[in-house]
Every structure is written in structure tokens, then in C-alpha cells.
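Shown next, in C-alpha cells, is the structure this report addresses.
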Amino acid sequence: MTTSTRSIRRGRRLAVAFALLVVAPATVALLPAATSGQSLSSIQSRLGVARGKLQHLRGREQVLTGDISALSGRIRALKAEIGTLRRRERKVAYTLASKRAQLARVRARYQEEHERYLRLRRKLGRAQNVLAGRLVAIYKSDQPDFLTVVLEADGFRDMLVRADYMSRIGAQDSAIVDRVRELKQLSARKRALLLELKNQAQDAVNAIEAQQRALQETRAGIEARQGDLAAARHSKQGVLASTHSKRKDLEGDVAALEAASAQVTNQLRFGGSQPAGPIKQGQGGYIWPVNGPVVSPFGMRWGRLHAGVDISAPAGTPVRASASGRVAIAGWMGGYGNYTCIQHGGGIATCYAHQSSIGVSVGQSVRQGQVIGSSGCTGHCLGPHVHFEVRVNGTPVDPMGYL
């Protein structure tokens, strides 16, 4: 792959990366064809659009920075809200544990009372069975009843003794039955009270568990939102990084051109043999290095000085010396690519950038119109053209005043 081809492709990548032109690389390569059908105003219009897109890139970076800052603020707020919910969850969990312990104690007491109730019921049943059995036995054995026992008493005293004895037997059986029945009723009431307490405790546990689930669901929702915001922030950070990288690349390209321009300025300012004389702008006398339209004029561009004019020309077009003189610079010069400068006397020099090849060497004398190289797209450029400069004591001036 030739140096010219690599430079052309690099120029195309820059064009795409910074969204300066909404055209295909093949279209970029055909920019010099304006002379055969494409008007100069159309090319200048494209350049205006390109400058606007560069400005949009800078504005986009500011917007992304603001968006990321806003997302970070929202994420911090959600993080604080999640912390508050977690503290509430801990309190609810503590209350829930206390209520569950209380419910366990009530359940244990209820179980004990229930078992006691069952024992009393069984005891009452046995007492009733004993009493019923005794009555049945008396009936079957034809034993005398209370009246017979009294009438068969041996005297009044014996009758009283017998009557008292029979009454005590009946009273004792009745007391046993009544006591067991009373204990059974008491146990039933206590069991009912404990059942109510158990239900209340269970309701409290259920309510706290519901509150705990609600807090967990709320926290999970907020965490999901936090995750979405973090993902959005990460995506925007990626876009911002890409945008920032593109902007830095562009600034680096411009800085490289400025550094090269400063270097040329110093070389021409201190390397010339004749002092500067009064220059009459617009008198002409210099010829165009190539035939083609000016696609980017001299002046401020993207906030910096564009130190020359860009003249569209197909790659490989012969580049001619604008005037006779001596070659002061011939070689690679940063963003200018292959760069040639010719001193013409009086502190005036002409320079030719982005050449695909250089056909002269430093110190060589050239005549006006002599081929000094070929047009191309080396260094930082968007397509084949010749960047033409006129410098006075190394300081760039508008070349159109000399052409």
C-alpha cells in the first residue's frame, strides 16, 4: 500500500469519525471533480454543513456531559432512597421477629390449655361413667333405695345415720361431677381467650410480613430503576468518550497544523536573506499551482486560522511553483504531510501542502511554473487537494491577493 493510499484512507476515516461530510468515501474522493460538473458554491455549501456538524459535535459533548451529570444525580438519590428502605426493612424484620416469638409463646400456651381441656373432658367423662355405672348396678342388684333404707332403720337414730350416709354418697358424686364440669368450662373459656390472642398475634405477623414484602418489592423496583439509569449512564459515557476522542483528535490535527505553521514561520522568518518590503495586495504576478476551484478559503475556520487556500485537484496532478525562487523547505511537516516552501525574495514565500510526492530539494532554485511535486492527501486532509499558502516573513497572508 502506497503512502498516498494510506493517507487518503486516513483522511476518509477522519471524515467519517467526525461526521463532517454525509457522503460516501468514494464521493469524498471525487471532490476534485467539481471542475467537470460540480459547482464551487455546492462544495462551499458542503463545507458549511461540515463546519456546522463539527459545531454540533461540540454541542453534543456538552449535552452528553449534562445528561451524565443528571443521571449520576438521580442514581445518587435512588441510592439514598434504597438505603432508607433497607433501614426500614431492618426495623420491620426486628418487629416481625418479636411478633413471631410472641405468636410462638401464645401458640404454646394455647396448646397446653387445649391439652388440659382434653384431659378434663376425659376426666368428666370417666366420672359421669362411674356415676352412671353405680346407678345401673344399684338398679340391677335390686338394692334398696333411699326410702327403703330409711324405713328399715333400727330406730330413729339409725334412720338419721342411714339418711345422712345416703345423702353424702349422692352429694359426693354430684360434687365430683360439678367440679369436673366447672373446670372443663373454665378451660374452654381460657382456650377461647388464647385462641383469640393467637389469632391477633397471627394477624399482626401477617400484617408485618405484608409490610416487609411491600418494602422488598419497592426496594427491588428502585434497584431496577437504579440499574437502568446506571446502564443508560454507562451508554452515554461510552458515547461521550467516543465524542470526546473525536474532538480531541480534531483538536490534535489542528494543533499539529498550527505547530507546523509555527515551525515554517520561524524557518522563513530567520532563513530569508532579504528583509520584507512593502507588499501590494492583489497585484498578481503569481500563478496558480494547480487548476481547480478553491474549496476552503483563507481565514478563521473552526475557531482557528486556516493559513492558506485549499485548491481542489485530482491526486497526481502536477504542482507548479507559483513564482521563481529557492526551495527553503521540502519534506514531511506534521499535519501538512509532504510540504514544500519556496522563498521568492522580499520576505515572501509560497508553500504547498498535502502533496503525494515532492519533486525538489532544499536549496534548489526553481522557476515559475516548474513542477515541484504532485497533489495528494498526505497529512490531515479530507480528499486530494493542494493547500497553498503565501507567507510574509513566515506569517500567513491571504494568497488570493497574489493570484
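The values are calculated or read from the model by the stated rules, or taken from the named source; none is laboratory data. Being a predicted model, the structure only gives us computed values, none of them experimental. Cβ placement follows ideal geometry from the backbone for every residue including glycine, while neighbour counts extend to all protein chains displayed. To get the accessible areas, we keep the full protein, side chains included, count just its heavy atoms, and leave off ligands, DNA and RNA. Shrake-Rupley method; radii C 1.70, N 1.55, O 1.52, S 1.80 Å.
So if I place +1 on the C-beta of Lys and Arg and -1 on the C-beta of Asp and Glu, and nothing else carries charge, what would the dipole magnitude of segment 293-403 be about its Cα centre? I want it in debye, nearest 20. Walk me through the intermediate numbers first.
Working: 6 positive and 3 negative charges, 26 e Å.
The calculated dipole for segment 293-403 is roughly 120 debye.
Residues with beta-carbon under 15 Å from that of LEU215, excluding LEU215: net charge, scoring Lys, Arg +1 and Asp, Glu -1?
Details: positive: ARG86, ARG87, ARG88, ARG90, LYS91, ARG213, ARG219; negative: GLU81, GLU89, GLU209, GLU217, GLU223.
Net of charged neighbours comes to +2.
Could you provide, to the nearest whole Å², the per residue accessible area of segment 335-403 with probe 1.4 Å? Intermediate values should be presented prior to the final figure.
Numbers: 1730 Å² over 69 residues.
Accessible area per residue, segment 335-403: 25 Å².
Rolling a 1.4 Å sphere over the protein heavy atoms, what is the accessible area per residue of segment 283-324, to the nearest Å²? Please report the intermediate quantities before stating the final value.
Details: 1750 Å² over 42 residues.
I get 42 Å² per residue for segment 283-324.
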Subject >> Note, ³J(HN,Hα) from phi for segment 386-403, Karplus 6.51, -1.76, 1.60, rounded to Hz, x at Gly and Pro >> reply: 10, 8, 10, 10, 10, 10, 10, 6, x, 8, x, 10, 5, x, 5, x, 10, 9
Original post:
In whole Hz, what ³J(HN,Hα) sequence does segment 330-340 give by Karplus (6.51, -1.76, 1.60; θ = phi - 60°), x for Gly and Pro?
Top reply: 7, x, 6, 9, x, x, 6, x, 6, 9, 10
Original post:
If amide H atoms are built 1.01 Å from N in the plane of the peptide, which residues on other chains or at least 5 residues away come under 5 Å of the amide H of SER324?
Top reply: GLN368
**OP:** For segment 349-377 and segment 381-401, write down the distance between their C-alpha centroids in whole Å.
**Re:** 13 Å
Subject >> Viscosity 1.567 mPa s, 4 °C: Kirkwood-radius Stokes-Einstein D of segment 52-129 over Cα pairs, µm²/s >> reply: 68 µm²/s
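Cβ under 10 Å from VAL239's Cβ, VAL239 left aside: what net charge do those residues give with Lys, Arg +1 and Asp, Glu -1? Present the calculation step by step, with values, prior to reporting the outcome.
On the way: positive: ARG60, LYS236; negative: GLU61, ASP67.
Net of charged neighbours comes to 0.
Between VAL239 and GLN200, what is 0.36 nm times their sequence separation minus the Cα-Cα distance? Round to one decimal in nm.
Values: separation 39, 0.36 × 39 = 14.04 nm, distance 5.82 nm.
In short, 8.2 nm is gained.
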**OP:** In whole Hz, with x marking every Gly and Pro, tabulate ³J(HN,Hα) for segment 226-231 from phi via Karplus 6.51 cos²θ - 1.76 cosθ + 1.60, θ = phi - 60°.
**Re:** 4, x, 5, 5, 5, 5
Subject >> Protection proxy ranking of 312-323, 286-297 - average other beta-carbon atoms within 10 Å, highest first >> reply: 312-323, 286-297
Original post:
Using a 1.4 Å probe on the protein chains only, how many percent of the accessible area of segment 280-351 belongs to carbon and sulfur?
Top reply: 55 percent
Original post:
Can you give the net charge of the other residues whose Cβ lies under 14 Å from the Cβ of ALA201, counting K and R as +1 and D and E as -1?
Top reply: +3
